[in-house]
Amino acid sequence: MADDRAIEQFKSEYLRFQDYLRECIQKFDWQSFEGADLSGLDLSGFDLSGVNLAGADLRYIDLSDCDLSDGNFAKADLTEADLSGADLSGATLTETNLTEADLSEADLSTADLFAANLTEADLAEADLSEANLSNANLTEADFSETDLTDAKLDGANTTETDFEGAIGLEEEGDEAAE
């Protein structure tokens, strides 16, 4: 049986480490993280607006509730990443691998997801208004209750994509969803 005091001490040290990491992140020149391997890190809740992580290995990373607005994630690998509740408005995600990523309730308005791989991604209740999803792979992705107002879906693969309750789909997009 676990010692309650030891558990509390562990939690306290973990929170102290998270605070230290937040301070360090504020000091970094984010340009230096292009192509970096940050897989598996927990950066949830951080303000990383304008971050450049193009080509980075971000598999299994926790970026939930982060401000990632206007960031560059072109050609990054975000396989199984947690981006739930994150602000990715205006972000560049061209040719990004988001296979099985959690983007539920994320703000992806005006984001560029051209040719991104969103196979089995969860985008339930996300905001993709004015986003570019042209030529993206949306196979088996969950877009339920998602705002797709004025989103571009030209050439997107929507095989078995769930658009139930999505808003802003044009008739042509509705046919593709069936």
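The values are calculated or read from the model by the stated rules, or taken from the named source; none is laboratory data. This one's a predicted model, so the numbers in the text were calculated from it and none came from an experiment. When we count neighbours, we look across all protein chains shown, and the Cβ atoms used for this are built from the backbone with ideal geometry, even at glycine.
Odds and ends about this structure:
- Close Cβ contacts (under 8 Å, 6 or more residues apart or on different chains) running from residues in the stretch 104-116 that are within 11 Å of LEU128 (Cβ to Cβ) to residues that are β-branched (Val, Ile, Thr) comprise ALA111/THR92; LEU113/THR94; LEU113/THR96.
- Among the residues of the stretch 29-44, at least one is modelled with pLDDT under 85, over 18 Å from ASP112 (Cα atoms), out of contact with any helix residue (DSSP H, G or I) (no Cβ under 8 Å at 6 or more places or on another chain) and surrounded by 14 or more Cβ atoms within 10 Å (Cβ to Cβ).
- Residues in the stretch 124-166 that are charged (D, E, K, R) and over 19 Å from ALA86 (Cα atoms): 7 in all.
- Members of the stretch 28-85 that are aromatic (Phe, Trp, Tyr) and in contact (Cβ under 8 Å) with a residue 24 or more places away in the chain: PHE46
- Residue selected from the stretch 98-144 under the condition over 10 Å from the mean Cα position of the chain (by Cα) and outside any loop (DSSP other than H, G, I, E, B), by the criterion nearest to THR161 (Cα to Cα): ASP142
- Selection from the stretch 141-170 of residues that are small (Gly, Ala, Ser) and touching a helix residue (DSSP H, G or I) at 6+ places or on another chain (Cβ under 9 Å): ALA151, ALA156, ALA166
- Flag for ALA115 being surrounded by fewer than 24 Cβ atoms within 10 Å (Cβ to Cβ) and closer than 17 Å to ASP77 by Cα: yes
- In the stretch 166-176, the residues that are at pLDDT 50 or above, farther than 21 Å from GLU120 by Cβ and either hydrophobic (A, V, I, L, M, F, W, C) or surrounded by fewer than 14 Cβ atoms within 10 Å (Cβ to Cβ) (or both): ILE167, GLU170
To keep it simple, each residue is scored yes or no on (1) surrounded by fewer than 24 Cβ atoms within 10 Å (Cβ to Cβ); (2) hydroxyl-bearing (Ser, Thr, Tyr).
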position: THR110; (1), (2): yes, yes
position: ASP122; (1), (2): yes, no
position: ALA126; (1), (2): no, no
position: LEU138; (1), (2): no, no
position: THR146; (1), (2): no, yes
position: THR149; (1), (2): yes, yes
position: GLU164; (1), (2): yes, no
